[in-house]
Amino acid sequence: MQSAVPVAEASSAESPHEPAHIAARIARWADDGRQGPMTLELYPTLACNLDCQFCDTTDRHRPPVDELSPERLAAVVDEAAAMGVRRVFVLGGGEPLLRKDTPALLHRIKALGMEGVLTTNGTKLDARLAEQLLADGWEEVHVSIDGATAEVHDRLRGQRGAFKRTVRNACRLSRLRRARGAAGPKLALHFVITTENVHQLADTVRLAHALGAHRVDFDALIAYRPEQQALALTDTQAQALPGLAREALAVADQLGIATTLAHFLDRRSVQRGQELPTGADAPGIHGAPCLKAWHYLVVQSDGRSSPCCVLAGEGGSVAERAVADVWADDPFLETIRRGMLDGRPHPRCRECSWNILAHERAIRSALPTDAADPPAASALSRGA
């Protein structure tokens with residue numbers, strides 16, 4: 001039986017990504033009982049048509065195994081809406097547009113009144129889907145581009161011609177949006193900084209401007225395997241990174257492009273995986289290193305859950321259980337929540353992106369000063 005989760009009331013003008021709105025929902029846990037997540041992150045598939053050198057999805061070229069059916073994926077979206085989810089990310093350990101039913105899933109998300117964000121490598125973003133996204137009022141499309149030139153991008157992405165297809169499709173989406181005078185979908189670029197492309201930060205900002213993008217999310221490399229470690233910045237590049245980031249920031253300011261480059265003005269941000277995130281010098285929720293376990297839910301292609309992309313697939317599955325039930329009493333989620341309240345993040349939290357951690361700090365800072373710690377999920381399920 002699906003657990004009842006209060007649907008938070010919110011103005012349609014509120015952004016579900018705004019730290020203050022997320023903080024307000026987290027604060028309601030103590031007084032109003034368990035709240036649903038603000039954001040659902042869905043991975044329709046782990047399969048991919050590219051072969052990115054830095055990708056951490058080892059099964060991206062294997063035949064799909066145990067993927068949720070189109071019917072169950074649609075039901076997950078329905079259940080999320082009933083729980084008060086306000087924003088749905090559709091992305092993947094692979095390329096979400098490889099699934100034939102993904103366009104229908106995107107349409108359903110908007111039909112249910114939720115914000116939609118699609119992350120794609122851009123090669124499959126065809127004219128038909130672009131028209132659908134415009135007609136549905138889709139909010140954002142994030143396109144992964146890891147080089148300002150075809151030579152660099154295609155080498156990192158493992159496929160000749162990938163840059164040309166991605167740029168062509170991104171341009172078409174922006175052109176159609178301008179022609180229709182539509183507010184969205186807005187275009188953003190994702191860029192992982194490696195030894196191959198660190199010299200192209202400023203040029204990537206210029207490319208974003210040419211493509212009609214409003215933001216570039218630069219991120220640090222996370223290296224697990226030898227081929228990923230080979231892409232780590234050299235000591236010389238690491239020393240040069242703050243200066244390159246400042247140069248690119250100046251270009252971004254001139255062109256009106258938002259970026260995450262401020263996180264790279266310190267060379268300690270060169271590579272993820274070095275240090276566990278720390279919270280504020282305060283007890284409980286006000287000092288928690290990360291609050292995602294109270295406002296964010298990730299569902300993998302096979303239904304397994306987690307509170308974030310780093311821990312993807314480590315929690316209980318929604319394949320045969322209601323999303324609300326997993327959110328309410330999954331042992332892994334509860335372990336993460338208790339650990340964060342005690343200032344003890346999961347060991348793998350050291351792999352988190354600086355961009356995500358900065359957003360979590362902003363949420364924590366926006367918590368009401370009198371916000372009490374959320375009660376344990378086990379206590380809520382007992383009616384305590």
Residue in segment 193-201 that is over 30 Å from Arg344 (Cβ atoms), in contact with a helix residue (DSSP H, G or I) (Cβ under 8 Å, 6 or more places away or on another chain), charged (D, E, K, R) and in a loop (DSSP other than H, G, I, E, B) present: yes
Residue in segment 68-78 that is nearest to Arg108 (Cα to Cα), counting only those that are in contact (Cβ under 8 Å) with a residue 60 or more places away in the chain and open to solvent by less than 30 Å² (accessible area, probe 1.4 Å): Val76
Considering residues that are open to solvent by 50 Å² or more (accessible area, probe 1.4 Å), part of a loop (DSSP other than H, G, I, E, B) and at pLDDT 50 or above, the number found within segment 4-30 is 3
Here are Leu40, Leu46: which of them is within 18 Å of Val318 (Cβ to Cβ), aliphatic (A, V, I, L, M), at pLDDT below 95 and outside any helix (DSSP H, G or I)? Leu46
Filtered residue count, segment 265-293, keeping only those that are under 22 Å from the mean Cα position of the chain (by Cα) and either modelled with pLDDT of 95 or more or assigned to a helix (DSSP H, G or I) (or both): 7
Only one of these conditions is not met by Ala135: (1) open to solvent by 10 Å² or more (accessible area, probe 1.4 Å); (2) over 17 Å from the mean Cα position of the chain (by Cα); (3) under 30 Å from Ala23 (Cβ atoms); (4) not charged (D, E, K, R). Which number is it? (3)
Checking the conditions here, which among Ala258, Ala230, Ala248 is surrounded by 12 or more Cβ atoms within 10 Å (Cβ to Cβ) and over 30 Å from Gly212 (Cα atoms)? Ala230
Which numbered condition in (1) charged (D, E, K, R); (2) under 28 Å from Glu115 (Cα atoms); (3) crowded, with 19+ Cβ neighbours inside 10 Å is the only one that Glu196 fails? (2)
Just to be sure I understand the filter: pairs with C-beta atoms under 6 Å, separated by 6 or more residues or on different chains, first member in segment 313-325 and touching a residue at least 24 places away in the same chain (Cβ under 8 Å), second member assigned to a loop (DSSP other than H, G, I, E, B) and open to solvent by less than 10 Å² (accessible area, probe 1.4 Å). Which pairs pass? Val318/Gly303; Ala319/Gly303; Ala324/Met83
When only residues in segment 311-327 that are modelled with pLDDT under 95 and either of a type in the set (Ser, Thr, Tyr) or open to solvent by less than 20 Å² (accessible area, probe 1.4 Å) (or both) count, which is nearest to Pro16 (Cα to Cα)? Leu311
Which of the numbered conditions does Ala162 fail, given that it passes all the others? Conditions: (1) surrounded by 22 or more Cβ atoms within 10 Å (Cβ to Cβ); (2) in contact with a Pro (Cβ under 6 Å, 6 or more places away or on another chain). (2)
With respect to Cys308, determine if the residue is part of a loop (DSSP other than H, G, I, E, B), in contact with a helix residue (DSSP H, G or I) (Cβ under 8 Å, 6 or more places away or on another chain) and within 26 Å of Val65 (Cβ to Cβ). yes
Selection from segment 225-245 of residues that are part of a helix (DSSP H, G or I) and in contact with a helix residue (DSSP H, G or I) (Cβ under 8 Å, 6 or more places away or on another chain): Gln237, Ala238, Gln239, Ala240, Leu241, Pro242, Leu244, Ala245
If I filter segment 164-172 for residues that are outside any helix (DSSP H, G or I) and not polar (S, T, N, Q), do I get at least one hit? no
Taking segment 34-48 and keeping residues surrounded by fewer than 24 Cβ atoms within 10 Å (Cβ to Cβ) and touching a helix residue (DSSP H, G or I) at 6+ places or on another chain (Cβ under 6 Å) leaves Arg34, Gln35, Thr45, Ala47
State whether one or more residues within segment 307-329 are of a type in the set (A, V, I, L, M), over 18 Å from the mean Cα position of the chain (by Cα) and over 22 Å from Leu73 (Cβ atoms). no
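The values are calculated or read from the model by the stated rules, or taken from the named source; none is laboratory data. Predicted model, so just to flag it, every value in this text is computed and none were measured. We place every Cβ from the backbone using ideal geometry, glycine too, and count neighbours over all the protein chains shown. Side chains included, ligands, DNA and RNA excluded: accessible areas come from the protein's heavy atoms. Shrake-Rupley method; radii C 1.70, N 1.55, O 1.52, S 1.80 Å.
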